[in-house]
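Trainee: Before I ask anything, let me first share the structure, which is written out below as C-alpha cells.
The values are calculated or read from the model by the stated rules, or taken from the named source; none is laboratory data. Worth saying up front: this structure is predicted, and the values here are computed from it rather than measured. For neighbour counting, all protein chains shown are included, and Cβ atoms are generated from backbone atoms with ideal geometry for every residue, glycine included.
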Amino acid sequence: MSHLIAPSMLAADFSNLKKDIDLVNNSEADWFHLDVMDGVFVPNISFGVPVIKAIKKHTTKTLDVHLMIVNPDKFIDDFKKAGADVLTVHYEACPHLHRTVQAIKASGMKAGVSLNPHTPVAVLEDIITDLDLVLIMSVNPGFGGQSFIENTYKKIIQLKDLILKSGSEALIEIDGGVNAQNTPKLLAVGADVLVAGSFVFKSDNPTQTIADLKNI
C-alpha cells in the first residue's frame, strides 16, 4: 500500500474554509484530518460536531477525526452522524479503552487509538488486534506548528513490530511536525499515514506540497 496523506484542517483558513476543502478534494491527499480539542484534555479549543458536519457536505474523501477530548464515549454517535469515517480516541482519555473501541466499531466507523509522546507503545499489546489505526503523536497535542519529537522513530519501529507479531492490520499514523525532510525516514521505519497541517497550508503551493509528500 502506498502511504496516505491526511492534511490537517486545523491549519486551514477558517475564514475561507470551503476554498481549502476544495483544495484538498482536488489534490493527491487521501484523507481529511480533523482535530477536535476540548480545552480540557489538551490546552486548546478547536471545533466540534457542527463544523465537521458542515465540512462533510463538501468533501469527497475520508474524514479522519481525532478526538483530543475527555469522555469521548459520550460523543461517538454524534461524530458518526456528523460524517466521521475514522474515529481516533486517546489512550490517556479512555479508562475503558476496549469498550470505547468496540462502541466506535459498532457504530460503523473505523477505530483508532492515539498515544501522547510520553505513552509507551506497550500499552496497546492487549488491544492492537482490535484497532484499525494507531496514531502516534510526534508533538505534544494541542497546538499546530510544533517541532517534531525525534523519539517518534523508535516508537514507530516498536509499534510496527507489535503489529506484525500480533497479526494486527492496524495502520500507523503520524501527527505533528511532519515535513518533506522527515517523511522519507518516517516511511522507512513503518509509517502508513502522514498528517501534515502547517507544512501544507502555510506553503506557497499547498497542492504541490501535498503531491510532493505523496510521491516521496
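Trainee: Please find, within region 183-197, the residue that is surrounded by the fewest Cβ atoms within 10 Å (Cβ to Cβ) out of those that are over 19 Å from S114 (Cβ atoms) and touching a residue at least 12 places away in the same chain (Cβ under 8 Å). Quick ask: steps written out before the conclusion?
Mentor: Narrowing region 183-197 to residues over 19 Å from S114 (Cβ atoms): 183-185, 187-188.
From what's left, touching a residue at least 12 places away in the same chain (Cβ under 8 Å): 183-185, 187.
Numbers: T183: 21, P184: 10, K185: 12, L187: 17.
The extreme case among them is P184.
Trainee: Could I ask something else about it? Among L10, L23, L17, L63, which is the only one that is within 17 Å of A196 (Cα to Cα), outside any loop (DSSP other than H, G, I, E, B) and out of contact with any helix residue (DSSP H, G or I) (no Cβ under 8 Å at 6 or more places or on another chain)?
Mentor: Working: L23 fails: out of contact with any helix residue (DSSP H, G or I) (no Cβ under 8 Å at 6 or more places or on another chain); L17 fails: out of contact with any helix residue (DSSP H, G or I) (no Cβ under 8 Å at 6 or more places or on another chain); L63 fails: out of contact with any helix residue (DSSP H, G or I) (no Cβ under 8 Å at 6 or more places or on another chain).
Checking each option against the conditions leaves just L10.
Trainee: Further question on the same structure: Answer yes if at least one residue in region 30-43 is in contact (Cβ under 8 Å) with a residue 12 or more places away in the chain, under 29 Å from I210 (Cα atoms) and either among the hydroxyl-bearing types (S, T, Y) or in contact with a Cys (Cβ under 9 Å, 6 or more places away or on another chain) (or both), and no otherwise. Lay out the reasoning, then the answer.
Mentor: Narrowing region 30-43 to residues in contact (Cβ under 8 Å) with a residue 12 or more places away in the chain: 30-38, 40-43.
Subset that is under 29 Å from I210 (Cα atoms): 30-38, 42-43.
Next cut, either among the hydroxyl-bearing types (S, T, Y) or in contact with a Cys (Cβ under 9 Å, 6 or more places away or on another chain) (or both) only: none.
No, region 30-43 contains no residue that is in contact (Cβ under 8 Å) with a residue 12 or more places away in the chain, under 29 Å from I210 (Cα atoms) and either among the hydroxyl-bearing types (S, T, Y) or in contact with a Cys (Cβ under 9 Å, 6 or more places away or on another chain) (or both).
Trainee: Got a number for residues in region 148-198 being in a helix (DSSP H, G or I), touching a helix residue (DSSP H, G or I) at 6+ places or on another chain (Cβ under 6 Å) and of a type outside the set (S, T, Y)?
Mentor: Qualifying residue count for the region: 7.
Trainee: Can you pull out the residues in region 181-210 that are touching a strand residue (DSSP E or B) at 6+ places or on another chain (Cβ under 9 Å) and among the small types (G, A, S)?
Mentor: Once the filter is applied, which keeps residues that are touching a strand residue (DSSP E or B) at 6+ places or on another chain (Cβ under 9 Å) and among the small types (G, A, S), region 181-210 yields G190, A191, A196, G197, S198.
Trainee: Further question on the same structure: Could you check how many residues of region 125-169 are touching a Lys or Arg at 6+ places or on another chain (Cβ under 6 Å) and surrounded by 20 or more Cβ atoms within 10 Å (Cβ to Cβ)? Give the derivation first.
Mentor: Step one: of region 125-169, the residues touching a Lys or Arg at 6+ places or on another chain (Cβ under 6 Å) are 132, 136.
Among the residues that remain, those that are also surrounded by 20 or more Cβ atoms within 10 Å (Cβ to Cβ) are: 136.
Count: 1.
Trainee: What are the pairs with Cβ atoms under 7 angstrom where one residue, in region 6-18, is under 16 Å from I210 (Cβ atoms) and the other, located anywhere, is among the polar types (S, T, N, Q) and not in a helix (DSSP H, G or I)? Sequence gap at least six, or different chains.
Mentor: L10/S46
Trainee: In region 108-146, what count of residues is obtained for those that are more than 14 Å from the chain's Cα centre (by Cα), among the small types (G, A, S), at pLDDT 95 or above and part of a loop (DSSP other than H, G, I, E, B)?
Mentor: Summing the residues that are more than 14 Å from the chain's Cα centre (by Cα), among the small types (G, A, S), at pLDDT 95 or above and part of a loop (DSSP other than H, G, I, E, B) in region 108-146 gives 1.
Trainee: Provide a single number: the residues in region 62-90 that are closer than 19 Å to E173 by Cα and either more than 14 Å from the chain's Cα centre (by Cα) or aliphatic (A, V, I, L, M) (or both).
Mentor: At the first step, the residues of region 62-90 found to be closer than 19 Å to E173 by Cα are 62-69, 84-90.
If we keep only those that are either more than 14 Å from the chain's Cα centre (by Cα) or aliphatic (A, V, I, L, M) (or both) as well, we get 63, 65, 67-69, 84, 86-87, 89.
Matching residues across region 62-90 total 9.
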